[in-house]
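Okay, structure first, notes after.
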Amino acid sequence: MLKNYTSEDIKNDKKIHKNFLNANFQELNLNCNIYKGNFYLDSFNYFTVSDEYKTFDSLFSRDIHQSKEHFYTKDFFDNFKKNIKQFKEYNNTFILGSNAADNYYSNLLQFLPRIFFIKNKKIQIAIHRNSSTKFREFIKFILDKKNIEFSYVYLDDGFYKFINCEIPQFFNLKKSIRVLKSLLLPSDSANEDKKIYLTREDSSYRKIINESDIIPILRAKGYKVINPQLYSIQEQIRIFSKADKIIGPHGSNLSNIIFSKPGTEIYEIGPEFKSDYEKVFENRYKDLAIINNLKYFRFLSDTVPVENHSNLATKYINKKILNNSNYYKNLIVKVKDINNIE
């Protein structure tokens, strides 16, 4: 059976403790624990298992809402050992990782902060194959600034064995935001958009289907319609850092409010979340707003089922949840709510 090691267990076990390196982000005086050695992990949870079948939940849990109980069952352990010799192997790799479904919130806030703790100047970096070109280009942008030469290793779904590799810990939300705020870039334009509306017109769910009714109203109020999919991540950071008012449907685009200046007004349009499994999403962007001292407002909208979900959604999301959850439906915004925004 797998055995979870707490931080105290790591300190007291000399053999395990020597596998943990400590890296420092000097600008913020922030430390990061990095496990270096031989280990196994899956490319969905990035659940790390040492070659002695020890795990480290306190360091390698990317989401506090992730359930990992099944990893500690006898059935899992028996199946794990049965297939262990079939796991594909990588050597001398830094596991940055990325979300299997290419979710921007997860990529930005859970995985990307770990990139600032790479020590080597030449390295292989492991990310999921489903990661977007935009995210890969942003990684390159950061590593070029750090003068790090790198190549990618692409992970597919499943477990892998890593030999003499490094995997950094995951941070809590506040620490991740501290790290990411170092990415704020100077503006090269005097004409910044102070009011923006974020459209999800290219998304397969949670897009506003009566958008044509509200965009003329917003434009009359001085809002510019922004489709974040048309901008690089660097450009998105600049746009969000300069805006005074931001309106948008619930979705990963709102992750960029971590770059907004204190006092920025955030208006989130979202569905009512009724089921327990949806509650993890309910206050996601409200929490980001609170941490960043932003003024946050939420408007509840009506929902409409989606006829055809994307291949990624149907691959990773339970069919029952996909059909029933308001999180995976489109939205009808109440026009009166938009009229009340200045």
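Overview of results
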| item | result |
| --- | --- |
| Residues of region 200-229 classified as of a type in the set (S, T, N, Q) and in contact (Cβ under 8 Å) with a residue 40 or more places away in the chain, total | 3 |
| Those residues of region 172-194 which are assigned to a loop (DSSP other than H, G, I, E, B) and either at pLDDT 95 or above or touching an Asp or Glu at 6+ places or on another chain (Cβ under 7 Å) (or both), in sequence order | K194 |
| Of residues in region 142-171 being outside any strand (DSSP E or B) and of a type in the set (K, R), the one surrounded by the most Cβ atoms within 10 Å (Cβ to Cβ) | K146 |
| Those residues of region 270-290 which are in contact (Cβ under 8 Å) with a residue 24 or more places away in the chain, farther than 24 Å from N340 by Cβ and either surrounded by 15 or more Cβ atoms within 10 Å (Cβ to Cβ) or of a type in the set (K, R) (or both), in sequence order | K274, E278, F281 |
| Single unsatisfied condition, A243 versus (1) closer than 30 Å to L41 by Cβ; (2) crowded, with 19+ Cβ neighbours inside 10 Å; (3) in the same structural domain as V304 (by TED's automatic domain parsing) | (1) |
| Single match in I139, I125, I115 (criterion: within 19 Å of the chain's Cα centre (by Cα), part of a strand (DSSP E or B) and either under 27 Å from L2 (Cα atoms) or at pLDDT 95 or above (or both)) | I125 |
| Exclusive hit being in contact with a strand residue (DSSP E or B) (Cβ under 9 Å, 6 or more places away or on another chain) and under 22 Å from V280 (Cβ atoms), set L59, L30 | L59 |
| Listing of strands (runs of 3 or more DSSP E) fully contained in region 226-339 that carry 2 or more residues being basic (K, R) and at pLDDT 95 or above | 295-300 |
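The values are calculated or read from the model by the stated rules, or taken from the named source; none is laboratory data. In this text, all values refer to a predicted model and were calculated from it rather than measured experimentally. All Cβ positions, glycine included, derive from the backbone under ideal geometry; neighbour counts span all protein chains shown.
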